[in-house]
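Right, one structure below, let's go through it.
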Amino acid sequence: MKKLFVLSGAALMVTSSLLMAANGGKGAPTFESFDTNNDGVITLAEASSRLVKRFASIDLDKSDSISKAEFEKMKTNKSKRGNSQRGFNKLDADHNGEVSEQEFAAMLEAKKSKQAERDENRPTFASLDVNNDGELSTDELKAMRDHKKGHKSHKGRKGNKQPTFQTLDIDADGQISEQEFNAMVDAKKGKKNRKGTKGNHLTMLDTDKNGAVSEQEFDAMVKMKEAKRAEREQKRPTFSMLDSNDNSVISLDEYTAYKQSKSMKK
């Protein structure tokens, strides 16, 4: 909880000067702060540099101006696009707003490389059974778990990375809204909850509940993991699946549409 408050304070401190500058010291920009001539629309000339970048996508009726309804819809969609934007940014290596087939292929290759590294470092039953009694005791499994923790600490834990302004500012409008900040907090809570449900290694592996893990039980776990991985590989989308308009690049809208369709199937 203390970390959350520290992060909250840091995020607010980082954004305060930008928010003030964007709206004349009055906080988060409103539709009225952009509509300087009070004609009920925001033109390209009135839009800020960040808003210009997304002007075409916000201007839904292609009238070359943004109405208040379009502006409000953009704000409502902020939190919905949060995870999509972060995932898209990871794929968009050159940060040009599009994912090429080469960038998509590079992502797949990176995943394969990481999986190969994990497979190479995965302990065998023999390496864990230090007393060669044909079973894995609680202490032996604990030693494996402690070794994995030490390996993660040596590499550096991803969870300790502090979010930057850019990662929190999901829609890149120069401000971090309450929805964007809450999305980050919810994501962190979700990770902690998932970690808490993993349970004890012995309980999961010891299927016959005799207090030890046999080589057969260990091999069954390995095969189950391999089967789950194969299932994930089959479900992994191809470039053509995401490139819905067949223009050889994946836009943020295409990526978001795929993520939304995927979440609806769950």
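The values are calculated or read from the model by the stated rules, or taken from the named source; none is laboratory data. The shown structure was predicted, so the numbers you read here are calculated from the model rather than taken from an experiment. Heads up, the Cβs are rebuilt from the backbone with ideal geometry, glycines too, and the neighbour counts pull from every protein chain shown.
Yes/no per residue for (1) in a helix (DSSP H, G or I); (2) surrounded by 11 or more Cβ atoms within 10 Å (Cβ to Cβ); (3) not charged (D, E, K, R):
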site: Ser57; (1), (2), (3): yes, yes, yes
site: Lys62; (1), (2), (3): no, no, no
site: Met74; (1), (2), (3): yes, yes, yes
site: Arg86; (1), (2), (3): yes, yes, no
site: Asp94; (1), (2), (3): no, no, no
site: Phe104; (1), (2), (3): yes, yes, yes
site: Leu108; (1), (2), (3): yes, yes, yes
site: Ser113; (1), (2), (3): yes, no, yes
site: Glu140; (1), (2), (3): yes, yes, no
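Of the residues making up the stretch 196-221, those that are at pLDDT 75 or above, closer than 14 Å to Ser137 by Cβ and not hydrophobic (A, V, I, L, M, F, W, C) are Asp206, Asn210, Gly211, Ser214, Glu215, Glu217. Any residue in the stretch 219-232 that is free of Cβ contacts under 8 Å to residues at least 60 places away in the same chain and crowded, with 18+ Cβ neighbours inside 10 Å? No, there is no match, as no residue in the stretch 219-232 is free of Cβ contacts under 8 Å to residues at least 60 places away in the same chain and crowded, with 18+ Cβ neighbours inside 10 Å.
Read through the list (1) of a type outside the set (A, V, I, L, M, F, W, C); (2) on the phi > 0 side of the Ramachandran plot; (3) in contact (Cβ under 8 Å) with a residue 60 or more places away in the chain, then give the number of the only condition that Asp64 fails. If we test Asp64 against (1) of a type outside the set (A, V, I, L, M, F, W, C); (2) on the phi > 0 side of the Ramachandran plot; (3) in contact (Cβ under 8 Å) with a residue 60 or more places away in the chain, just (3) comes out false. Here is the figure for the stretch 213-264: residues that are of a type in the set (Asp, Glu) and in a loop (DSSP other than H, G, I, E, B) total 2.
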